[in-house]
Structure formats: structure tokens, C-alpha cells
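K.L.:
Sending over a structure as C-alpha cells; questions will come in a sec.
The values are calculated or read from the model by the stated rules, or taken from the named source; none is laboratory data. Here the structure is a predicted model, which means the values were calculated and not measured. Quick reminder, even Gly has a Cβ in these numbers, built from the backbone with ideal geometry, and neighbours come from all protein chains shown. Quick note on the areas: whole protein, heavy atoms, side chains included, nothing else; ligands and nucleic acids left out. Shrake-Rupley method; radii C 1.70, N 1.55, O 1.52, S 1.80 Å.
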Amino acid sequence: MSDDHTHVQEFFGARAAGWDSRFPDDGPAYAAAVAEMGLRPGDRVLDAGCGTGRALPPLRAAVGPGGVVVGVDLTAEMLQAAVRAGRDREGRLLLADVAALPLRRGALDAVFAAGLIAHLPRPVENLRELARVVRPGGRLALFHPIGRAALAARQGRLITPDDLRAEANLRPVLDRAGWRLTSYADEDSRFLALATRED
């Protein structure tokens, strides 16, 4: 296991039990972001880096009972918190690394990833792995319930020019990973970048 994995697991593992109570008002932002993905009943969707599973209920509502919802996270404590919250009823939870997903090529219609991109050690390679498991024409949503500037202020830092989530930086990374950026919004109230899987 790499140091990157160990750091992520330690950081989120220590915070898992109280994660939802720290951010109790994010539900509507998650639901709105999922709605913008254009999911249809019967679709198969992955919540990559699902954490406590806050996106699982709106994802399940979007794909309906005939759809498939899978949540993957690297941190066991986050998945345990999702189970305690009853979100495992909305989809299957897997302890796995998004850099090596236990899914077949083209198995999914879409990927939702909240807060994930900042924790990817090799963004192009890791986003390419997400592309591998999505059918051509499928969708990717990179989301955060607050925008880049608001998040930086919350963390007591400034946005730097090399911030991966800046549109000018994100677009070429997505291109190299097999995605085409189709929509980009960075507001105080949310960050949402939508991309389509290239053929």
C-alpha cells in the first residue's frame, strides 16, 4: 500500500464517525448534482470515493429499483458509517481503490465522484481507470458541495494556479484520461464538472 493510501485512510478513518454531522446541509447539493448527470431508470452508476454514502440515495432515486448503484471507498470506517446511516440499502458498498476497480470494462453508465479528485495520487491514470469501467458515451460527475474558493477559505489556504480543479487544468487531464469536459461550474455553493466518456 502506498503512502498516499495510508494518508487518505488515516485522515478519513479518524473522521468517519462524525463526518455527516460536520456537513449536515449538503444533501440538497448532492441531489442537484446527481440530477444534472441525466441518469435514467435502469442505469448502472458508481459512486467513486463514496465516503459515508451521501450520494447513494439520490443516485438510487435517479436509476430506480431496476438500476445498479455501487459505492466504492478506500476507507473501511467510511463504509461502516454508510452502513450505520442505512445507506447500504441504496446500493452495494465495496472496499476498493478507485485506481484498480474490481469491475469489468464498460460495466457502468456513469460515475459520480464527490471530493475525489483532490485525493487522486495520479489523476490522469486514476481518471483513466474510471473511464475503463464506463461505456463510451457514459458520464462522469466531479463534484464538491462547495466551490474551490469557499473550500480554500474553509481550509485556511489560497487557491493556487496549479489547482487541478481549475477548468484550464482539469480539461487537459480529463482529455488525456479519455473524458471530454462538457460542463463546468465553480461557484461558492458548489463545484461540478461533467464529462463524457470518449469512444
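K.L.:
Quick one: which of ALA153, ALA141, ALA114, ALA61 is more than 23 Å from ALA31 (Cβ to Cβ) and of a type outside the set (Val, Ile, Thr)? Even if it seems obvious, please write down each step before you answer.
P.N.:
Working: ALA141 fails: more than 23 Å from ALA31 (Cβ to Cβ); ALA114 fails: more than 23 Å from ALA31 (Cβ to Cβ); ALA61 fails: more than 23 Å from ALA31 (Cβ to Cβ).
Result of the check over ALA153, ALA141, ALA114, ALA61: ALA153.
K.L.:
Residues of the stretch 145-179 being among the aliphatic types (A, V, I, L, M), open to solvent by 60 Å² or more (accessible area, probe 1.4 Å) and at pLDDT below 95, which ones?
P.N.:
ALA153, LEU158, ILE159 - these are the residues of the stretch 145-179 that are among the aliphatic types (A, V, I, L, M), open to solvent by 60 Å² or more (accessible area, probe 1.4 Å) and at pLDDT below 95.
K.L.:
For the stretch 125-139, name all the residues that are open to solvent by 30 Å² or more (accessible area, probe 1.4 Å) and farther than 14 Å from ARG104 by Cβ.
P.N.:
GLU125, ARG128, PRO136, GLY137, ARG139
K.L.:
Answer yes if at least one residue in the stretch 47-62 is surrounded by fewer than 16 Cβ atoms within 10 Å (Cβ to Cβ), part of a loop (DSSP other than H, G, I, E, B) and among the small types (Gly, Ala, Ser), and no otherwise.
P.N.:
No, because not a single residue in the stretch 47-62 is surrounded by fewer than 16 Cβ atoms within 10 Å (Cβ to Cβ), part of a loop (DSSP other than H, G, I, E, B) and among the small types (Gly, Ala, Ser).
K.L.:
Assess whether ALA48 counts as being at pLDDT 95 or above, of a type outside the set (Ser, Thr, Tyr) and closer than 21 Å to GLN155 by Cβ.
P.N.:
Criteria not met by ALA48.
K.L.:
While we're here: Determine whether LEU142 is under 30 Å from ARG22 (Cα atoms) and either modelled with pLDDT of 95 or more or surrounded by 15 or more Cβ atoms within 10 Å (Cβ to Cβ) (or both). Break it down into steps so the answer makes sense when it comes.
P.N.:
On the way: under 30 Å from ARG22 (Cα atoms): yes; either modelled with pLDDT of 95 or more or surrounded by 15 or more Cβ atoms within 10 Å (Cβ to Cβ) (or both): yes.
Here the answer is yes, as LEU142 does meet what is asked.
K.L.:
For residues that are in contact with a Lys or Arg (Cβ under 9 Å, 6 or more places away or on another chain) and part of a helix (DSSP H, G or I), scanning just the stretch 82-114, find the one that is surrounded by the fewest Cβ atoms within 10 Å (Cβ to Cβ).
P.N.:
Selected residue: ARG89.
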